[in-house]
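A.B. asks: Okay, here's the structure, questions in a sec.
The values are calculated or read from the model by the stated rules, or taken from the named source; none is laboratory data. This is a predicted model, so every value here is computed, not measured. As a convention, Cβ positions derive from the backbone with ideal geometry for all residues, glycine included, and neighbour counts pool all protein chains shown. What goes into the accessible areas is simple: the full protein's heavy atoms, side chains included, and nothing from ligands, DNA or RNA. Shrake-Rupley method; radii C 1.70, N 1.55, O 1.52, S 1.80 Å.
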Amino acid sequence: MSEKITLSGVPETMLQTVYARAKETKTRGAITDSKAVELIDRLDYDFSMADKDAAMHSGVIARTIVLDQLVKSYLASHGGAVVVNIACGLDTRCYRMSGYSHWYNLDLPETIAVREKLLPESGSISQIAMSAMDDWGGEIKETSTDVLVIIEGLTMYLSESDVKRIFDVIAARFDRVTVFVETMNPMVVKRFKEKSIEASKAKFTWGVKNGAALAALLPDFRFVEEHSLCEGMAEFAPVYKLLGKIPAVSNISNRIVVLEKK
């Protein structure tokens, strides 16, 4: 039985991203996300714009590859860690990863209402229906363990003050925390449009030059490293092994920035 979904704005972008992962799994296979395939096969939604948006598709798959590698590596060296996935949408990474003690998926109430319908979760996977800028720290039960926070596909839709607020909440709640956060270059924010994202009436609003510039805005965090999405692109488009070495290309690519609380 198909599920009809009606969303708009930023929450609607979660449908585009899960569709990209399902389509990639069914076709080229640079990633394998069987849960995404299962979801898309159940949805009654017009994905024609997403089908035409090659840039969005490539970006989603590239960041999925990079983040999957980073999260897998983190959990391998921090067994039993708690993971908080901010602005989770219909992300299915919790089903592809192992080694965590508890995984929290956090998003806006209207988004979690959809997620609960499509992905009812319990046990070691929990859902939190709150804004990323709310004081959601109290919803995390664990107190003395390593924590990983993932912020994927969100900061480019916010303001600088919103981003600072999210990191204030993280710093206030956790003693030991690592954050993987996706960022967009300000030039791309101003000039680049993705067809399927624009169709949902969501717009890019904020960017930051690099990880060091982001850390400079966040007094409680230190910059560890960053990864250009060119690294993920190179997995299915080998030309990016060369293009990624060109500063003009790598500098405008979205990045996964790794930060740690000081």
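A.B. asks: Would you be able to tell me the number of residues in region 17-34 that are part of a helix (DSSP H, G or I) and hydroxyl-bearing (S, T, Y)?
C.D. replies: The qualifying residues number 4.
A.B. asks: May I pose another question? Give I170, I112, I65, I166 a once-over and let me know the one that is β-branched (V, I, T), open to solvent by 10 Å² or more (accessible area, probe 1.4 Å) and assigned to a helix (DSSP H, G or I).
C.D. replies: Step by step, each of I170, I112, I65, I166 is checked, and only I65 is β-branched (V, I, T), open to solvent by 10 Å² or more (accessible area, probe 1.4 Å) and assigned to a helix (DSSP H, G or I).
A.B. asks: Suppose we keep only residues that are buried (at least 16 other Cβ atoms within 10 Å of the Cβ) and among the charged types (D, E, K, R) within region 173-191. Which one would you say is farthest from the chain's Cα centre (by Cα)?
C.D. replies: Filtering region 173-191 for residues that are buried (at least 16 other Cβ atoms within 10 Å of the Cβ) and among the charged types (D, E, K, R), the one farthest from the chain's Cα centre (by Cα) comes out as R173.
A.B. asks: Related question: Could you look through region 225-250, keep only residues that are exposed (fewer than 14 other Cβ atoms within 10 Å of the Cβ) and aliphatic (A, V, I, L, M), and pick out the one that is nearest to Q16 (Cα to Cα)?
C.D. replies: Looking at residues that are exposed (fewer than 14 other Cβ atoms within 10 Å of the Cβ) and aliphatic (A, V, I, L, M), I get V239.
A.B. asks: In region 8-35, what residues are surrounded by fewer than 17 Cβ atoms within 10 Å (Cβ to Cβ) and at pLDDT below 95?
C.D. replies: S8, G9
A.B. asks: Here's another thing I want to ask about it. Evaluate region 124-141: report whether one residue or more is surrounded by 20 or more Cβ atoms within 10 Å (Cβ to Cβ), more than 24 Å from G232 (Cβ to Cβ) and over 17 Å from the mean Cα position of the chain (by Cα).
C.D. replies: Yes, because at least one residue in region 124-141 is surrounded by 20 or more Cβ atoms within 10 Å (Cβ to Cβ), more than 24 Å from G232 (Cβ to Cβ) and over 17 Å from the mean Cα position of the chain (by Cα).
A.B. asks: Select from region 68-101 the residues that are in contact with a helix residue (DSSP H, G or I) (Cβ under 8 Å, 6 or more places away or on another chain), open to solvent by 10 Å² or more (accessible area, probe 1.4 Å) and in a strand (DSSP E or B) and list them in ascending order.
C.D. replies: Within region 68-101, just Y100 meets the criteria.
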